[in-house]
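Only one structure is covered here, and it is reproduced in the block below.
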Amino acid sequence: MGEELILTDQGWKASDDCFSGTAVLRGFRPFTFTEPGLEPLWQLLGIGEPEAEDLVDVLKEIARQDEFPASQQQVMLNALRSLRDRLASVGGPAPLAVRNKLRPLPLWTTSGWTRTRPVYAVDHPGVERALAERLPLWKPGGDVQQFTSLFALLKVIPLDVAGALVIDGQDSVPDSTLTEDFRRAVVALQDLLVRDEPELAESFSDWNWLAGLEVRIHPHLRIRLEPDGAHEPVELPVDAQIAREQGALFLRSAEALPTKPGTGTAIAALFPGQRHRVGHRWRDVWEERLADTAVETAFTSTGQQDQEDRRRLDEQLRRRQQETPATHPTPSVPASRQAPPPPLKRVPAQSLPSAPSLTTLPSRPSPSPQPAPPSSARRLVSEAAFDAPPLTVTTTGPSQPPTSDPSASGYTRTGGMSPWPSSLPLSRPGGSPPREQSAPLGYRDPDKERLALRALRRILRDQGIDLEDQRGVSGFGADALDSTGRFFEIKAHGGAVPLELSLTRAEFRRAMSEGDNYILVIASHLEKGKGTPTLRLIPDPVNRFEIELPTETRLKGVRYTGVASTVYEWPSEQ
């Protein structure tokens, strides 16, 4: 095998030099003909599709060419797509040989071919044109958003245009007419996507928030981007920008509201993918006047319906708490004479939210999703807090698991009996009144995880290590994966670390199989005013803590500092 001559698109070639499948490397490698009946023959001769190493080799050959015609640009695009799909099929970190080949890979940018890093990626045509002469922007030959999975491997830094700061936005005044037009158009856009492109509609769930934005005219609208690396912040003009903190859509002029380059691009930046389709659909809403016809019976995504259901229930609970009269302390009564607790009240069936397929557009944005004013809600510390290095770094404990610690595990030993908790808790000296209801949370669990990931990424970046968010992979058993192949599981807390943590079945299996390659990241005090924001990294946690095995796996005594770990602390924010 290997010396057979095969007729290819480049003539007769030895079988060892040929590839099968679509000729993605046309002109650089010979490919067999794609007749279905010949597939068994190619398999018998060992002729397969290009591997990741073959694709990288061709990309390097293209970069060495004196010219870069359109035909080679298409080969580059095909090779990058095939490389993305090939690495995705692996189901884990890229092989070491591929990672080593990708590190010095030249990239085609707005400044030409370059091996130096950083190189930036931006999925905003207007911003890309404005930055073309200021920063090296990656030009893979197509929409850069399709290659997000390659960013970490290629050392490409995406620019967060959606999160860019609006300069002098506080001086602009809301326009009530444009705000109403925008609200109706957002409802029509969601209706259009739910009907025709449901997957795209489900990828974004903050539709009520989007429809509630104020529209403000800012004739000199500019944004500030802050690239990572050695480059200074960049200010540049845009036609439209959504500012989350101000709850506003800023427009350079009213003419930018119905256009794809204007508001369409600003809305598309909120979506995780297929942004060009969102921009096109926004333009369709205005050109076809859908806001005038679809508003009264607009379809909503199931994600928004779930969000509205949760908000309705939260509002009902809040009102009940306000209507409940304050309780006063009463003399204690022996347990044998205490009256049984009153039965729990049930929410009337008619007040429970249903899951309608149609919704009616309210006359004005509903204020109900905000049960408490922003000033009273509990907030997380700012993400910018983790841009600075940690205040202290501490290494704790030996590498051996601790013996059972009564203060850490919550139970005591009696004689020779097994250390299992008693069936009933003991009384507390001095009594234990119930805790008062705390202020409502101004954040969700994913917000805490995202903040912890940002802090972890900051730590690893100083070590030359990249981190990829894997929370969207079902059953993966970890929240993130770094460029060295280590797995990270995030347990984030607004306040102090609890006495024990839970691992899902997938997380436990991943931890057992990876050993020291699996790192538990315990983030604490992420809420403002709760203390010093802290990140604690614990390798091989299932072999360092006491384990209780019910349906979930619990790590006992995680506050115990006698185990090997690394602790990073930042100054507290009040």
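The values are calculated or read from the model by the stated rules, or taken from the named source; none is laboratory data. Keep in mind that this is a model prediction, so the values were computed, not measured. Please note: Cβ atoms are built from the backbone with ideal geometry, for glycine as well, and neighbour counts cover all protein chains shown. Note: accessible area is taken over every heavy atom of the protein model, side chains too, but ligands, DNA and RNA are not part of it. Shrake-Rupley method; radii C 1.70, N 1.55, O 1.52, S 1.80 Å.
Tell me, which residue of region 257-282 that is β-branched (Val, Ile, Thr) and closer than 22 Å to Arg222 by Cα is most open to solvent (accessible area, probe 1.4 Å)?
Pass one, region 257-282, residues β-branched (Val, Ile, Thr): 259, 263, 265, 267, 278.
Then keep just the ones that are closer than 22 Å to Arg222 by Cα; that gives 259, 263, 265, 267.
Values: Thr259: 48, Thr263: 0, Thr265: 18, Ile267: 1 Å².
Of everything passing the filter in region 257-282, Thr259 is most open to solvent (accessible area, probe 1.4 Å).
Give Gln463, Gln470 a once-over and let me know the one that is surrounded by fewer than 12 Cβ atoms within 10 Å (Cβ to Cβ) and either out of contact with any Pro (no Cβ under 7 Å at 6 or more places or on another chain) or modelled with pLDDT under 85 (or both). Show your work before the answer.
Numbers: Gln470 fails: surrounded by fewer than 12 Cβ atoms within 10 Å (Cβ to Cβ).
Just one listed residue meets the conditions, Gln463.
Spot the failing condition for Thr561; the list is (1) among the hydroxyl-bearing types (Ser, Thr, Tyr); (2) crowded, with 17+ Cβ neighbours inside 10 Å; (3) modelled with pLDDT of 75 or more, and only one is missed.
(2)
Which members of region 10-27 meet the condition of being outside any loop (DSSP other than H, G, I, E, B) and either open to solvent by 70 Å² or more (accessible area, probe 1.4 Å) or not polar (S, T, N, Q) (or both)? Break it down into steps so the answer makes sense when it comes.
In the first step, residues of region 10-27 are kept if they are outside any loop (DSSP other than H, G, I, E, B); the result is 11-17, 19.
If the condition is that a residue be outside any loop (DSSP other than H, G, I, E, B) and either open to solvent by 70 Å² or more (accessible area, probe 1.4 Å) or not polar (S, T, N, Q) (or both), then Gly11, Trp12, Lys13, Ala14, Asp16, Asp17, Phe19 are the ones that fit.
Any idea which residue in region 78-100 is farthest from the chain's Cα centre (by Cα), counting only those that are more than 26 Å from Arg510 (Cβ to Cβ) and open to solvent by 20 Å² or more (accessible area, probe 1.4 Å)?
Among those that are more than 26 Å from Arg510 (Cβ to Cβ) and open to solvent by 20 Å² or more (accessible area, probe 1.4 Å), it is Asn78.
Just one of Lys528, Lys491 is surrounded by 15 or more Cβ atoms within 10 Å (Cβ to Cβ) and over 30 Å from Gly273 (Cβ atoms); which is it? Spell out how you get there, then give the answer.
Working: Lys491 fails: over 30 Å from Gly273 (Cβ atoms).
Just one listed residue meets the conditions, Lys528.
Table: residues versus (1) among the hydrophobic types (A, V, I, L, M, F, W, C); (2) open to solvent by 70 Å² or more (accessible area, probe 1.4 Å); (3) part of a loop (DSSP other than H, G, I, E, B); (4) more than 20 Å from Trp282 (Cα to Cα).
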| residue | (1), (2), (3), (4) |
| --- | --- |
| Ile157 | yes, no, no, yes |
| Ala162 | yes, no, yes, no |
| Ala188 | yes, no, no, no |
| Asp191 | no, no, no, no |
| Arg195 | no, yes, no, no |
| Pro227 | no, no, yes, yes |
| Glu232 | no, yes, yes, yes |
| Ile242 | yes, no, no, no |
| Gln246 | no, yes, yes, yes |
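For region 513-544, name all the residues that are among the small types (Gly, Ala, Ser) and either within 18 Å of Ala478 (Cα to Cα) or over 21 Å from the mean Cα position of the chain (by Cα) (or both).
Answer for region 513-544, where residues must be among the small types (Gly, Ala, Ser) and either within 18 Å of Ala478 (Cα to Cα) or over 21 Å from the mean Cα position of the chain (by Cα) (or both): Ser513, Gly515, Ala523, Gly529, Gly531.
If you check Phe151, Phe182, which single one turns out to be aromatic (Phe, Trp, Tyr) and open to solvent by 10 Å² or more (accessible area, probe 1.4 Å)?
Phe151
Take the conditions buried (at least 20 other Cβ atoms within 10 Å of the Cβ) and among the basic types (Lys, Arg) and apply them to Arg289. Does it pass?
Numbers: buried (at least 20 other Cβ atoms within 10 Å of the Cβ): no; among the basic types (Lys, Arg): yes.
Spelling it out, it is not the case that Arg289 is buried (at least 20 other Cβ atoms within 10 Å of the Cβ) and among the basic types (Lys, Arg).
Return the only residue of Leu236, Leu213, Leu225 being more than 25 Å from the chain's Cα centre (by Cα), of a type in the set (A, V, I, L, M, F, W, C) and in the same structural domain as Phe299 (by the TED database).
None of the other options fit; the residue is Leu236.
Anything in region 504-525 that is of a type outside the set (Gly, Ala, Ser), farther than 16 Å from Ala452 by Cβ and open to solvent by less than 30 Å² (accessible area, probe 1.4 Å)? List them, or say none. Walk me through it before giving the result.
Going through region 504-525, the residues of a type outside the set (Gly, Ala, Ser) turn out to be 504-505, 507-510, 512, 514, 516-522, 525.
Add one more test, that the residue is farther than 16 Å from Ala452 by Cβ, and what stays is 504-505, 508-510, 512, 514, 516-518.
The answer is Tyr518, and nothing else.
Show the residue pairs that are 6+ apart or on different chains and have beta-carbon atoms under 8 Å apart, the first residue being within region 216-240 and free of Cβ contacts under 8 Å to residues at least 12 places away in the same chain, the second being crowded, with 21+ Cβ neighbours inside 10 Å.
Sorted first by the residue in region 216-240, then by its partner, the pairs are Pro233/Leu225.
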